[in-house]
Amino acid sequence: MTNETLASTLKVYSRALLRTMEILADEGIFVEVEEGKFASNPVSQLLESGKMRERVIVWFEKDLPVARDILYTITTGEPAFEHVHGMGFYEYCSQNADFNHDFDSMMTDYTRKFANEFVPSYDFSDYKVIVDVGGSVGMLLAAILKANPHTRGKLFDRLAAIEEAGKFLRQEGVLDRCELVPGSYFDSAPPGADLYILKWVLPDLVDETFLRVMRNIRKGMNANSKLLLVDTVMPRGNKPSPARHLDLNMMIIGSRGGIRSESEIRDLSSRAGLSVRKAIPITPLFTVFELYPT
């Protein structure tokens, strides 16, 4: 399309758009096929499609403006998000359906990438019943069930997530092997499963709240049950890590617990009556801890 056509379609100032498009083309986003005429390329197509689009919307439309208020968080320890928007992050999500959809889609995409790395490399064959605690729509559980046709699952989450999960799990062809259990991990967890999974919950929770969740899971476990705790680990020493960037960003947005070190995770697990026997790094963001009742 020519710049004039784009400007007319978007109802923007033509010369400013032209310079913007030229700069983007210089950076490899779009291509200028002739003077003043632009076309999509693989990079721009990626940005406008699928989960990458939703990730860009979440980070740049909301997180970037909030991040400009970083000094508020550094000075007070309180979330800049609340300072900018006058409400907490999850309250904002509940009142803005489009943004909430984009955020959920972004988080589901993180889970999909983790599942693609983790599920083929981990042996789930000995577990007859697996409970995904707080598993949202069941992305991880679906991947496990599809790879292990003799395993059954239980998806445990709030009612709104369970209703969406039913559609997703049916689409994935595993709903007939998955029980949908509404509830809150702040109150309980389904009893008697062979394996429990708790993914990326720790950063949102202060220690005492996280211990409450872990103890609820511990109550439901048998002597031979196992818990897989999937989380981000803060490395020790001055080594580059995405965990530091993520922790600061989550602090600005509203995370109260933060990303812990491996020793902190082991200590919290012990206080909840669980022992970490193995820590398995899967991706730069995710490590899987194998926990057993003590």
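Which one is right for this structure if Cα extents along the principal axes in Å is calculated from it: (i) 57, 44, 37; (ii) 71, 48, 37; (iii) 57, 48, 45?
(ii)
Once every DSSP H run of n ≥ 4 in the chain is given -39500 (n - 2.57) and the sum is divided by its residues, what mean residue ellipticity at 222 nm do you get, rounded to the nearest 500 deg cm²/dmol? Before the final figure, lay out each step's value.
Values: 14 runs with 138 residues, N = 294.
Helix-only estimate at 222 nm: -13500 deg cm²/dmol.
Once you charge only the Cβ atoms, +1 for Lys and Arg and -1 for Asp and Glu, what is the size of the charge dipole of the chain about its Cα centre, to the nearest 20 debye? Provide the component values of the computation, followed by the final result.
Working: 34 positive and 40 negative charges, 218 e Å.
Using Cβ point charges on Lys, Arg, Asp and Glu, the chain gives about 1040 debye.
GNM, the chain, Cα, under 10 Å: largest mean-square fluctuation among S275, S125, S255?
Evaluated over the chain, the most mobile residue of the options is S125.
For K11, list the lysines whose Cα falls under 26 Å from its own Cα; do not include residues on the same chain fewer than 8 positions away.
Correct list for K11: K37, K62.
For the chain, set up a Gaussian network in which alpha carbons nearer than 10 Å are linked by springs, and say which option among F60, F38, F186 fluctuates the most.
Of F60, F38, F186, the Gaussian network model singles out F38 as fluctuating most.
Can you pull the one-decimal nm distance between simple spin-label points at H245 and S261, each 7 Å off the Cα toward Cβ?
2.3 nm
For the range 122-293, compute the number of Lys pairs whose alpha carbons are separated by less than 28 Å, excluding pairs fewer than 8 positions apart on the same chain.
Step by step, the pairs that qualify in the range 122-293 add up to 25.
For an R0 of 35 angstrom, estimate the FRET efficiency from the Cβ-Cβ distance between S49 and E91 and round to the nearest 0.05.
So the FRET efficiency works out to roughly 0.70.
Which shape class, rounded, prolate or oblate, goes with the range 1-48 when its Cα gyration tensor gives a ≥ b ≥ c as root eigenvalues, a/c under 1.5 marks rounded, and past that a/b bigger than b/c marks prolate? Show your work: numbers first, answer last.
Numbers: a/c = 1.77, a/b = 1.52, b/c = 1.16.
In terms of gyration-tensor shape, prolate.
Of G28, G258, G220, which has the largest mean-square fluctuation in a 10 Å C-alpha GNM of the chain?
G28
DSSP loop (so not H, G, I, E, B), at most 14 other Cβ within 10 Å: list which GluC sites (Glu not before Pro) in the range 165-251 pass both filters.
Taking the range 165-251 and a limit of 14 other Cβ atoms within 10 Å, no loop GluC sites (Glu not before Pro) are found.
What's the extension gain from Y122 to R277 if we count 0.36 nm per residue and subtract their Cα-Cα distance?
54.3 nm
Can you compute the FRET efficiency between N100 and L10 using 1/(1 + (r/R0)^6), with r the Cβ-Cβ distance and R0 = 25 Å? Round to the nearest 0.05. Walk me through the numbers on the way to the answer.
Details: r = 26 Å, r/R0 = 1.04.
Between N100 and L10 the formula returns 0.45.
Looking only at the range 267-281, which residues have a backbone nitrogen under 20 Å from a spot 7 Å from the Cα of A223 in the C-beta direction?
Of the residues in the range 267-281, 273-277 have backbone N under 20 Å from the label point off A223.
What shape does the range 122-293 have by the C-alpha gyration tensor, where a ≥ b ≥ c are the square roots of the eigenvalues, rounded means a/c under 1.5, and otherwise prolate means a/b greater than b/c and oblate the rest? Write down the numbers at each step before the final one.
Numbers: a/c = 1.61, a/b = 1.47, b/c = 1.10.
The shape class here is prolate.
Counting other beta carbons within 10 Å of each Cβ, put K239, K199, K226, K128 in order, fewest first. The partial results should precede the final answer.
Details: K239 7, K199 24, K226 20, K128 11.
Lowest count first: K239, K128, K226, K199.
Read the figures in this text as sums done on the coordinates, not as results from a lab. From a predicted model like this one, the values you see are computed outputs, not experimental measurements. All Cβ positions, glycine included, derive from the backbone under ideal geometry; neighbour counts span all protein chains shown.
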